[in-house]
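Novice: There's a structure below that I have some questions on.
The values are calculated or read from the model by the stated rules, or taken from the named source; none is laboratory data. Only a predicted model underlies this, so the values are computations on that prediction, with no experimental measurement involved. Glycine gets a Cβ as well: all are built from the backbone with ideal geometry, and neighbour counts include every protein chain shown.
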Amino acid sequence: MSVTPWQIANVPGHIVAKKLKAEKLVEILKESAHPLLIVGKLEDYELEIAKTFINKIKEKDGTVVFTPIANKTFLEDGIKPDMILGLTEVTSKLSRGWRNVEGKESFDLLIYFGGYYYHQSQMLSAIKHYATDLKKISLNRYHQPNADYSFANPREQRWLKEMKTVLESI
Amino acid sequence: MGRKIKAKMGKLEIPALRAEDFEISIGSLVTTELDEVSGPTPFPKVEDLRGWDFKLLKRYPMFYAPFTDSCELCTFGKCDLTAGKRGACGIDTSAQQGRIILLACCIGVSCHAAHGRHLLDYYIEKYGRNIPISMGEGVNIEAPVTRLVCGIKPETIGDLEEPMEYVEEQITQLLAAVHTGQEGSALDFESKALHAGMLDLLAMELADIVQIAALGFPKADPEAPLIELGYGVINVEKPVILCVGHNVAPGAEIMDYLETMGQEDNIEVCAICCTAIDMSRYRKTAKVVGSMSHQLKFIRSGVPDVVVVDEQCIRANIPEEAAKIGAPVIATTAKVCYGFPDMTEEDPDKIVEGFASGKLPGAVIFDEEKVGEVAVKTALKLAPLRQKKKTIPSDEEFKEFIDLCIECGRCRRVCPNDLKIPYAMKAGKEGDYEPLAKLFDHCLGCLRCEQECPKDIPIMGLITKADERRTKTLKFKMRAGRGAISDVEIRAVGSAIVLGEIPGVLGVVGCMNYPETEQDVPNLIREFARRRYIITTSGCAAMDTGWQLNEEGQCLYEEYPGDFDASGIVNVGSCVSNSNIAGAAIKIAAIFARRPLKNNFEEIADYILHRVGACGVAWGAMSQKAASIATGFNRIGVPVVIGPHGSKYRRSFMGDKDDDSKWQVFNARTGEKTYIGPAPEHLLYPAESLEEAVPLIAKLCIRANDTTKGRQIKLAHYVDLHKRYIGTFPDDIHYFVRSESDIPKTVMHEIQEHLAKFDWKPTPIPDPTLLERLVRKPKT
């Protein structure tokens, strides 16, 4: 059964995301050899999880893109991305066929984390239509139907718990 | 192209002739032809500028982010277009996106054209065709878009009929292409959308010229009066008339009637949206409540005694909300009738009686003068009866409603801005009303939260109540819309703009669909004004520009001058006045570079794209009009940055700085193909945040033909803004350094270090053009 999108009128069509849970996310992350993590504007409660998650992605030789506001957010903590690109800019590059950074293998997983809900939704739609070879997940707690997998709108505490489980397992 | 004249008389009797159903046609009357050499595209059809569009779209291809996966425009559907599938008519998702964008642009241009047509017909009927067109002292190019597109020099408002007919005819052609089984190519849909955008620039110019000429608005006046703005400037002790919309005609008649009756000191006339801007151009006593998001908040405050609506961006539920405060609604145009009875022929006093008795909640009156009389009489009669009845909860109700909240969160999930209403309600239950009050500036006033609430809590009312003490006292200033930029001003700054010494000209325009608050607009403008950019603004953005006070209690319009010069903040006026911003870019080409305007769209657009460091910013773009305006600016070579809500327009025009082949131009001096770098890099870009938008805007003011000194200045701002807003040195600076001389001294070391990491080589500065016909010395 499909999940109601976080913004409830955001129903794109009949192909919609499957419900993401900690175990599935762990499985997807373990399967992926070259994930691309795109970090946008985050909410306060997401920051600590994000820091750890970014490090995990880096550890597995993934690529981390910060949008400009995300870069400003993590500056004081000294966390640096591989690239700084706008949310629209990076998605446009992906829709044009961009698949790897120099010297690295092709991405096999896109992870969108942050950005305004509706902006992320539009970017996931672009990937859904124009970069069909890429698996795409949304990491925020807000359900994004244009992803392949997305959380089902759990409350903050529940989402934090799920993410902690994930971080302990990867 | 001449103007066709057709006259028809039912009966004609003169001594020598008696005729019935007499009809006379004159093939063509030549209007005021512009006395200069004509370019190749008089009154262009879409196919005439298709070549230019394709050049633009090759450099800035579409990036589509579909809003939905399906098409439901015909009974073949719904058709699933996901990931390469085609609909029953054969259309694919890219073409469908282009089709919807064309539709949006057609809606946008239709609004401005219909608005302009109404003004034109109304003022011709009222004052005649011969009202002279004068756009102000020092303005010789009175109608730059009209000259560029139609090749005529209008002298009276009657001369505007011909270009208006052209716009109307072209809209029909474009709209036809949206029908099932017509166009099938995304590129061609976009070319048509660009055409609609250009028509919109023309329609807006015609509309603004009519109202400036007929109503004597400020004319290119940098010192146009400062207008009172905000909830706190309205004297609630007086009867209040509120006008909402975009068409000044009914509002102007209200003020005329007040003056005729000597009642101007006894009644407050205020307005919301562009009508407010244009009424304050007519009379500086008209007060501006604010932008579109204040419509229902202000009505619920109970202040207005009568609400007069005209057209565009008017909330569809104004009648319901006005009825709750006992204020009747007068609809004044056929575009917005709300199902009210047509009382145009009724005695004004009877209409007022109906309103006062409560039997008549609203009326349509298609007679602007009668609207003036009825609105004034209604306000006078109803004010003592209504006693400013409001629907914002009382202190007791406020607490009771908050306690009803079960924190289900449905309000948040329908809020366009995902506002954390449940959190604020929870804090309210604990006696902390600050979180609720803080939502006021973020709230778009759409009421989706209230209709979703299972407990029927008037959520927007609670937000308004929580912040009422502050909002009631809000007092700001906005400079009245001045219309055109004068030729004298263009002459004075043209060189500094083209050579890059004034780092850019920004057009900060558009609606109020901000991702955060309206404070983003004054914050953004302040950043660029203090860096000597020229800021032009209009519409809701112009109001929000004034919606902030500095430590000395001054708003930006008081802090910075109103002239078109470095650090100037220029309010051109309402939505239709956006044409004056395009007009300024066109005039730079015509006056500074002496490029011929007449029917010469491609050459002027090519000039602007490569030489005029202008960038549009529509941070809160919401409407179809905003889509067509932005698309018009794009066609004329001006890039536009929109806010994140703008991603829902579905389409961006994105350059690829890594693809050198996209940045090749002709060097007009030699005919050689030459690399110019990605300047400007994008043509339409939805930015996520101000952190992204501010450095990007600075970057999009870079042009191929900047002098080395100009490029130094632009790069210095780009580097500085990138560091301040993103926190790092920009990693793409090597794309914009053409020679060592381009490097600003303040960051020379950093840039040289950066260049050393790349295989950077100097590139020549050509005389850039995308049009081979402009090559002066063809390659042999």
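Novice: Quick check on this structure: which one of B:PHE67, B:PHE76, B:PHE43, B:PHE63 is touching a residue at least 12 places away in the same chain (Cβ under 8 Å), within 13 Å of chain A (Cβ to nearest Cβ) and either of a type outside the set (Phe, Trp, Tyr) or assigned to a loop (DSSP other than H, G, I, E, B) (or both)?
Specialist: Among B:PHE67, B:PHE76, B:PHE43, B:PHE63, only B:PHE67 is touching a residue at least 12 places away in the same chain (Cβ under 8 Å), within 13 Å of chain A (Cβ to nearest Cβ) and either of a type outside the set (Phe, Trp, Tyr) or assigned to a loop (DSSP other than H, G, I, E, B) (or both).
Novice: State the number of residues belonging to the stretch A:126-165 that are among the aliphatic types (A, V, I, L, M), more than 13 Å from chain B (Cβ to nearest Cβ), buried (at least 21 other Cβ atoms within 10 Å of the Cβ) and outside any loop (DSSP other than H, G, I, E, B).
Specialist: 2
Novice: Kindly indicate whether any position in the stretch A:103-118 is more than 26 Å from B:ASP732 (Cα to Cα) and touching a Phe, Trp or Tyr at 6+ places or on another chain (Cβ under 6 Å).
Specialist: yes
Novice: If the requirement is being more than 10 Å from every other protein chain (Cβ to nearest Cβ), crowded, with 21+ Cβ neighbours inside 10 Å and over 27 Å from B:GLY646 (Cα atoms), which of these qualifies: A:PHE107, A:PHE113?
Specialist: So the residue among A:PHE107, A:PHE113 that is more than 10 Å from every other protein chain (Cβ to nearest Cβ), crowded, with 21+ Cβ neighbours inside 10 Å and over 27 Å from B:GLY646 (Cα atoms) is A:PHE107.
Novice: On to the next question. Test B:LEU597 against the criterion of being farther than 27 Å from B:GLY710 by Cα, aliphatic (A, V, I, L, M), assigned to a loop (DSSP other than H, G, I, E, B) and at pLDDT 95 or above, and give yes or no.
Specialist: Spelling it out, it is not the case that B:LEU597 is farther than 27 Å from B:GLY710 by Cα, aliphatic (A, V, I, L, M), assigned to a loop (DSSP other than H, G, I, E, B) and at pLDDT 95 or above.
Novice: Find the residue count for the stretch A:24-74, including only residues that are of a type in the set (Asp, Glu) and modelled with pLDDT under 95.
Specialist: Summing the residues that are of a type in the set (Asp, Glu) and modelled with pLDDT under 95 in the stretch A:24-74 gives 2.
Novice: Looking at this structure, is B:VAL236 buried (at least 20 other Cβ atoms within 10 Å of the Cβ) and more than 26 Å from the chain's Cα centre (by Cα)?
Specialist: Answer is no for this residue.
Novice: Further, regarding this structure: Going through the stretch B:690-702 one residue at a time, which ones are within 10 Å of chain A (Cβ to nearest Cβ) and touching a Lys or Arg at 6+ places or on another chain (Cβ under 6 Å)?
Specialist: B:GLU691 - this is the single residue of the stretch B:690-702 that is within 10 Å of chain A (Cβ to nearest Cβ) and touching a Lys or Arg at 6+ places or on another chain (Cβ under 6 Å).
Novice: Take B:ALA220 and tell me if it is under 19 Å from B:SER579 (Cβ atoms), surrounded by 24 or more Cβ atoms within 10 Å (Cβ to Cβ) and not assigned by TED's automatic domain parsing to the domain that holds B:ILE101.
Specialist: Criteria met by B:ALA220.
Novice: Could you tell me whether the stretch B:703-719 includes any residue that is under 31 Å from the mean Cα position of the chain (by Cα), among the charged types (D, E, K, R), outside any helix (DSSP H, G or I) and within 11 Å of chain A (Cβ to nearest Cβ)?
Specialist: No, there is no match, as no residue in the stretch B:703-719 is under 31 Å from the mean Cα position of the chain (by Cα), among the charged types (D, E, K, R), outside any helix (DSSP H, G or I) and within 11 Å of chain A (Cβ to nearest Cβ).
Novice: Could you look through the stretch A:12-30, keep only residues that are surrounded by fewer than 18 Cβ atoms within 10 Å (Cβ to Cβ) and within 8 Å of chain B (Cβ to nearest Cβ), and pick out the one that is nearest to A:LEU110 (Cα to Cα)?
Specialist: A:ILE15
Novice: Could you please tell me which pairs satisfy a Cβ distance under 6 Å, a separation of 6+ or placement on different chains, a first residue in the stretch B:680-696 that is over 19 Å from B:ILE629 (Cβ atoms), and a second residue that is polar (S, T, N, Q)?
Specialist: That search, which allows pairs on different chains as well, returns B:GLU688/A:THR67.
Novice: Still on this structure, I have one more. Got a sec? Which of B:VAL303, B:VAL308 is closer than 20 Å to B:CYS111 by Cα and in contact (Cβ under 8 Å) with a residue 60 or more places away in the chain?
Specialist: B:VAL308
Novice: Then there's this: Name the residue, out of B:GLY583, B:GLY573, that is on the phi > 0 side of the Ramachandran plot and either away from chain A (no Cβ under 14 Å) or touching a Lys or Arg at 6+ places or on another chain (Cβ under 7 Å) (or both).
Specialist: B:GLY573
Novice: I'd like the full set of residues that are β-branched (Val, Ile, Thr), in contact with a helix residue (DSSP H, G or I) (Cβ under 8 Å, 6 or more places away or on another chain) and in a strand (DSSP E or B), limited to the stretch B:647-691.
Specialist: If the condition is that a residue be β-branched (Val, Ile, Thr), in contact with a helix residue (DSSP H, G or I) (Cβ under 8 Å, 6 or more places away or on another chain) and in a strand (DSSP E or B), then B:VAL665 is the only one that fits.
Novice: I want to confirm something. Restricting to the stretch A:31-45 and keeping residues that are within 14 Å of chain B (Cβ to nearest Cβ) and in a helix (DSSP H, G or I), which single residue is surrounded by the most Cβ atoms within 10 Å (Cβ to Cβ)?
Specialist: So, considering only residues that are within 14 Å of chain B (Cβ to nearest Cβ) and in a helix (DSSP H, G or I), the one surrounded by the most Cβ atoms within 10 Å (Cβ to Cβ) is A:TYR45.
Novice: Against the condition without any contact (Cβ under 8 Å) to a residue 24 or more places away in the chain and in a loop (DSSP other than H, G, I, E, B), how does B:ARG86 come out, does it pass?
Specialist: Judged against the criteria, B:ARG86 is a match.
Novice: Conditions first: (1) more than 9 Å from chain B (Cβ to nearest Cβ); (2) among the acidic types (Asp, Glu); (3) within 30 Å of B:GLY620 (Cβ to Cβ). A:GLU102 passes all but one, so which condition is the exception?
Specialist: Of (1) more than 9 Å from chain B (Cβ to nearest Cβ); (2) among the acidic types (Asp, Glu); (3) within 30 Å of B:GLY620 (Cβ to Cβ), only one is false for A:GLU102: (3).
Novice: Step by step: first the residues of the stretch A:67-93, then only those that are more than 30 Å from B:VAL414 (Cβ to Cβ) and of a type in the set (A, V, I, L, M, F, W, C), then the one that is farthest from the other protein chains (Cβ to nearest Cβ). Which residue is that?
Specialist: A:ILE79
Novice: Considering the stretch A:116-125 alone, what residues qualify as being more than 7 Å from chain B (Cβ to nearest Cβ) and free of Cβ contacts under 8 Å to residues at least 60 places away in the same chain?
Specialist: A:LEU124
Novice: For the list (1) crowded, with 23+ Cβ neighbours inside 10 Å; (2) over 31 Å from the mean Cα position of the chain (by Cα), I need the number of the one condition that B:SER741 fails.
Specialist: Only one criterion in (1) crowded, with 23+ Cβ neighbours inside 10 Å; (2) over 31 Å from the mean Cα position of the chain (by Cα) is unmet by B:SER741, namely (1).
Novice: Select from the stretch B:256-292 the residues that are surrounded by fewer than 24 Cβ atoms within 10 Å (Cβ to Cβ), among the hydrophobic types (A, V, I, L, M, F, W, C) and in a helix (DSSP H, G or I) and list them in ascending order.
Specialist: Within the stretch B:256-292, B:LEU258 is the sole residue that qualifies.
Novice: Working carefully through the options B:PHE217, B:PHE189, find the one that is touching an Asp or Glu at 6+ places or on another chain (Cβ under 6 Å) and either modelled with pLDDT of 95 or more or charged (D, E, K, R) (or both).
Specialist: So the residue among B:PHE217, B:PHE189 that is touching an Asp or Glu at 6+ places or on another chain (Cβ under 6 Å) and either modelled with pLDDT of 95 or more or charged (D, E, K, R) (or both) is B:PHE189.
Novice: Moving on to the next point. Out of A:PRO81, A:PRO35, report the one residue that is over 25 Å from B:LEU684 (Cα atoms), within 14 Å of the chain's Cα centre (by Cα) and not hydrophobic (A, V, I, L, M, F, W, C).
Specialist: Unique residue meeting the criteria: A:PRO35.
So that you can scan it fast, the table gives a plain yes or no per residue for (1) out of contact with any helix residue (DSSP H, G or I) (no Cβ under 9 Å at 6 or more places or on another chain); (2) under 16 Å from B:CYS540 (Cα atoms); (3) not in a helix (DSSP H, G or I):
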position	(1), (2), (3)
B:ILE457	no, no, yes
B:LEU462	no, no, no
B:ARG469	no, no, no
B:VAL493	no, no, no
B:ILE502	no, no, yes
B:ASN513	no, yes, yes
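Novice: Let me ask something additional. Looking only at residues that are surrounded by fewer than 23 Cβ atoms within 10 Å (Cβ to Cβ) and either among the polar types (S, T, N, Q) or in contact (Cβ under 8 Å) with a residue 40 or more places away in the chain (or both) in the stretch B:714-735, which one is farthest from A:MET83 (Cα to Cα)?
Specialist: If we take residues in the stretch B:714-735 being surrounded by fewer than 23 Cβ atoms within 10 Å (Cβ to Cβ) and either among the polar types (S, T, N, Q) or in contact (Cβ under 8 Å) with a residue 40 or more places away in the chain (or both), then B:LEU721 is farthest from A:MET83 (Cα to Cα).
Novice: Starting from residues that are of a type in the set (A, V, I, L, M, F, W, C) and assigned to a loop (DSSP other than H, G, I, E, B), keep the ones in the stretch A:70-84 and report whichever is surrounded by the fewest Cβ atoms within 10 Å (Cβ to Cβ).
Specialist: Ranking the qualifying residues of the stretch A:70-84, first place goes to A:LEU75.
Novice: Also, quick follow-up: Among the residues of the stretch B:420-445, count how many are buried (at least 20 other Cβ atoms within 10 Å of the Cβ) and not in a helix (DSSP H, G or I).
Specialist: Count: 4.
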